Amino acid sequence: MYFEIDGAKVFAATGGRDFDAARPAVVFLHGSGLDHRFWGGHCDDFAASGYSVLAPDLPGHTNSEGPLLDSIERMAQWLDRVLTQLAAGAVSLVGHSQGCLVALEHAARYPDRLRSLSLIASGLATPVNPALLERAGSEPESAVEMMVSWGFGGRDTSPDDRARAASAIALGRSIMLANAPAALLADLVACNAYRNGQTAARNVRCPSQVILGGQDRMAPREAGLALASGLYGNDGEAGLDIIERSGHMVPLETPEECRRLLQDFISTNNPCNA
């Protein structure tokens, strides 16, 4: 579906069904240089379960017009304008990587409509390798290859998992190349500059879950554990799941396990009578 925010056209996937503000909503936020296609199967699954689904392309990404947003805080503010314009009520927010930072900041700033928060493959901060930042501006194809190389697991996985990963890698590479260098670089710079994660985590009031990839080399386990600790305090294991055979791209690499964890959590905290 298309709509306008701040005079710019925005695209969002809806799982093949019209967005109905009267129904509980699941909103998916993509990572750096990506777009709505990252969430394809997840959108379809939740839409089939009766939820209204929204997976927007951030401004300046793929089907959404610019201008690009230069900070995680501005992305969170933009998301609030999206949800306000669409009159979304009971919202479950799901973010991956950069999308986690946006979701975390949004949950802390705008708690009223949120029923749950799901954060996949991130930490309280996402520092970016300096070489990746430099190449994102000067050699975008090289930057994409670095992200693909670091982003997927593949060690000690089944042939089916490796085949799925190969397809996911091709999709991720294609999307990031199409969004490079401008959108990819802007996203990485925004992630690298974000410093409010710890404060935001303390201000989250809705039920939250953290899902990590055990083979993640972009958001290491220690960063994910710090995120869980920031959200849950001394009870840092509450709401934390680790999919050991997945890398950073959890929703693409291990989609069935990721969807099961999301469905169980969201249906408990934001039930939908389909």
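The values are calculated or read from the model by the stated rules, or taken from the named source; none is laboratory data. Since this is a predicted model, take the numbers as computed values, not measurements. When we count neighbours, we look across all protein chains shown, and the Cβ atoms used for this are built from the backbone with ideal geometry, even at glycine.
Within the set of pairs 6 or more residues apart or between chains, which connect a residue that is of a type in the set (Phe, Trp, Tyr) inside the stretch 211-238 to a residue that is at pLDDT below 90 and not in a helix (DSSP H, G or I) with Cβ atoms less than 7 Å apart?
Once the first residue is of a type in the set (Phe, Trp, Tyr) and sits in the stretch 211-238, its partners that are at pLDDT below 90 and not in a helix (DSSP H, G or I) give TYR232/ALA238; TYR232/GLY239.
Kindly indicate whether any position in the stretch 29-37 is among the polar types (S, T, N, Q), farther than 22 Å from ALA178 by Cα and surrounded by 20 or more Cβ atoms within 10 Å (Cβ to Cβ). Full working, then the answer.
Looking only at the stretch 29-37, we keep the residues that are among the polar types (S, T, N, Q), and these are 32.
Cutting the leftovers down to farther than 22 Å from ALA178 by Cα gives us none.
Looking through the stretch 29-37, none of the residues is among the polar types (S, T, N, Q), farther than 22 Å from ALA178 by Cα and surrounded by 20 or more Cβ atoms within 10 Å (Cβ to Cβ).
Anything in the stretch 65-82 that is in contact with a Lys or Arg (Cβ under 7 Å, 6 or more places away or on another chain), in contact (Cβ under 8 Å) with a residue 40 or more places away in the chain and buried (at least 21 other Cβ atoms within 10 Å of the Cβ)? List them, or say none.
none
Give me the helices (runs of 4 or more DSSP H) completely within the stretch 175-236, filtered to those with at least 2 residues that are among the small types (Gly, Ala, Ser) and surrounded by fewer than 22 Cβ atoms within 10 Å (Cβ to Cβ), ordered by residue number.
Output list reads 182-193, 221-232.
Restricting to the stretch 240-270, give me the number of residues that are assigned to a helix (DSSP H, G or I), touching a helix residue (DSSP H, G or I) at 6+ places or on another chain (Cβ under 6 Å) and over 23 Å from ILE169 (Cα atoms). Full working, then the answer.
The initial filter retains those residues of the stretch 240-270 that are assigned to a helix (DSSP H, G or I), namely 250-253, 255-269.
Checking which are touching a helix residue (DSSP H, G or I) at 6+ places or on another chain (Cβ under 6 Å) leaves us with 250-253, 255, 258-259.
Checking which are over 23 Å from ILE169 (Cα atoms) leaves us with none.
Count: 0.
From the list LEU54, LEU34, pick out the single residue that is assigned to a loop (DSSP other than H, G, I, E, B), touching a strand residue (DSSP E or B) at 6+ places or on another chain (Cβ under 9 Å) and of a type outside the set (Ser, Thr, Tyr). Even if it seems obvious, please write down each step before you answer.
Numbers: LEU54 fails: assigned to a loop (DSSP other than H, G, I, E, B).
Criteria check complete, one pass: LEU34.
So which residues in the stretch 226-274 are of a type in the set (Ser, Thr, Tyr) and modelled with pLDDT of 95 or more, if there are any at all?
SER267, THR268
Which residues, counting only those in the stretch 15-40, are closer than 30 Å to VAL189 by Cβ and over 11 Å from the mean Cα position of the chain (by Cα)?
Passing the criteria: ALA25, VAL26, GLY33, ARG37, GLY40.
Being among the small types (Gly, Ala, Ser), assigned to a loop (DSSP other than H, G, I, E, B) and either crowded, with 20+ Cβ neighbours inside 10 Å or touching a residue at least 40 places away in the same chain (Cβ under 8 Å) (or both) is the requirement here; does SER92 meet it?
No, not satisfied.
Within the stretch 120-155, how many residues turn out to be within 16 Å of the chain's Cα centre (by Cα), among the hydroxyl-bearing types (Ser, Thr, Tyr) and not in a loop (DSSP other than H, G, I, E, B)?
Number satisfying all stated conditions: 0.
How many residues are farther than 15 Å from GLY40 by Cα and not in a loop (DSSP other than H, G, I, E, B) when one looks only at the stretch 7-23?
The total comes to 3.
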